[in-house]
1. Those residues that are among the hydroxyl-bearing types (Ser, Thr, Tyr) and closer than 14 Å to GLY76 by Cβ, I need them from region 202-226; list them, please.
2. Count, please, the residues in region 24-65 that happen to be among the small types (Gly, Ala, Ser) and either in a loop (DSSP other than H, G, I, E, B) or more than 16 Å from TYR136 (Cβ to Cβ) (or both).
3. Return the pairs, sorted by first residue and then second, in which the second residue is surrounded by 13 or more Cβ atoms within 10 Å (Cβ to Cβ) and among the basic types (Lys, Arg), the first residue lies in region 92-121 and is part of a helix (DSSP H, G or I), the beta carbons are less than 6 Å apart, and the residues are 6+ apart or on different chains.
4. Here is a check on your reading of the model: is TYR164 touching a helix residue (DSSP H, G or I) at 6+ places or on another chain (Cβ under 9 Å), among the aromatic types (Phe, Trp, Tyr), closer than 24 Å to HIS225 by Cβ and modelled with pLDDT of 95 or more?
5. Being in contact with a Ser or Thr (Cβ under 6 Å, 6 or more places away or on another chain), of a type in the set (A, V, I, L, M), touching a residue at least 12 places away in the same chain (Cβ under 8 Å) and under 30 Å from ARG50 (Cβ atoms) is true for just one of ALA129, ALA173, ALA220. Which residue is that?
6. Can you pull out the residues in region 199-217 that are without any contact (Cβ under 8 Å) to a residue 60 or more places away in the chain and over 19 Å from GLU132 (Cα atoms)?
7. For ILE145, all conditions in the list (1) touching a Pro at 6+ places or on another chain (Cβ under 8 Å); (2) more than 18 Å from ILE72 (Cα to Cα) hold save one; what is the number of the exception?
8. Residue by residue through region 183-218, note down the ones that are hydrophobic (A, V, I, L, M, F, W, C), over 15 Å from THR101 (Cβ atoms) and surrounded by fewer than 22 Cβ atoms within 10 Å (Cβ to Cβ).
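The values are calculated or read from the model by the stated rules, or taken from the named source; none is laboratory data. Just so it is clear, the structure is predicted and the values come from calculations on it, not from any experiment. Heads up, the Cβs are rebuilt from the backbone with ideal geometry, glycines too, and the neighbour counts pull from every protein chain shown.
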Amino acid sequence: MRDARALKQAPPLDVDLKILIGLGVAAGIAWLTPFDLAFGAATFGVPALRAVAIMAIALAGLHFGARIGLGIEPTGLKRPIFMPVAVAAGVAVACAISDWTFRASLPGSYVGVMSQPLALRLSLYMLRAFNENIIYRLFLGSALIWLIGRVWRTADRRPAEGAYWAGFAISQAANVWINVTSQGPIAPLGVVHDILRYFAPGMVWSWLYRRHGFQSNEIACTTVHVFFQPLVTLGLR
């Protein structure tokens, strides 16, 4: 209750400013490059269209998130920065271990990308993660939860808990299929790797969104690369 009251008493201008800054960052990233294959195709390679589209997607996601009770501000955390970063560090170690374990099954293109200079990979993947999170969790995940929750809901007409996880799982599966598995043949061990490397982390970010707000999830899914990229370099040499 204390967290809820604090959010209600927060100055509206402060919250609006954060959203505006986030929209500006997302638009700038989208202007530079789409990163996401579906987003790039839908915006026809036009930078200005990408910038407008990502802002529209974010605003729609905020709308659906509010409808299903998912917030933006960090909630329920004594250390709103430290906790998401700590989660990111744990996920980074798990992802690096999955890459090391399935090294023989990794596509040559992936190994080539991960052999690029560390500074380049950090900048590219952190930027990509920022907008990917907006597309697949803030927008698609929230929209799917709202839609599923229309039929799978509690007595007070809110989405059932299972509706949240179904929506998040479908949105993350779509992300992995569009940007990873649809790009070429995949071996059986490769499927296991992709589940551990891509799907499972997305569900951790979804848990942060569900439990502690979108900003917590955004902090974690971007900072994970600060830990992961150096670790994966060691294992893929």
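1. If the condition is that a residue be among the hydroxyl-bearing types (Ser, Thr, Tyr) and closer than 14 Å to GLY76 by Cβ, then TYR209, SER216 are the ones that fit.
2. So the count comes out to 6.
3. CYS95/ARG197; SER98/ARG197
4. no
5. It is ALA129.
6. Initial filter on region 199-217 (without any contact (Cβ under 8 Å) to a residue 60 or more places away in the chain): 199, 203, 207.
None - no residue of region 199-217 is without any contact (Cβ under 8 Å) to a residue 60 or more places away in the chain and over 19 Å from GLU132 (Cα atoms), so the list stays empty.
7. Status for ILE145: all satisfied but (2).
8. Answer for region 183-218, where residues must be hydrophobic (A, V, I, L, M, F, W, C), over 15 Å from THR101 (Cβ atoms) and surrounded by fewer than 22 Cβ atoms within 10 Å (Cβ to Cβ): ILE186, PHE199, MET203, VAL204, TRP207.
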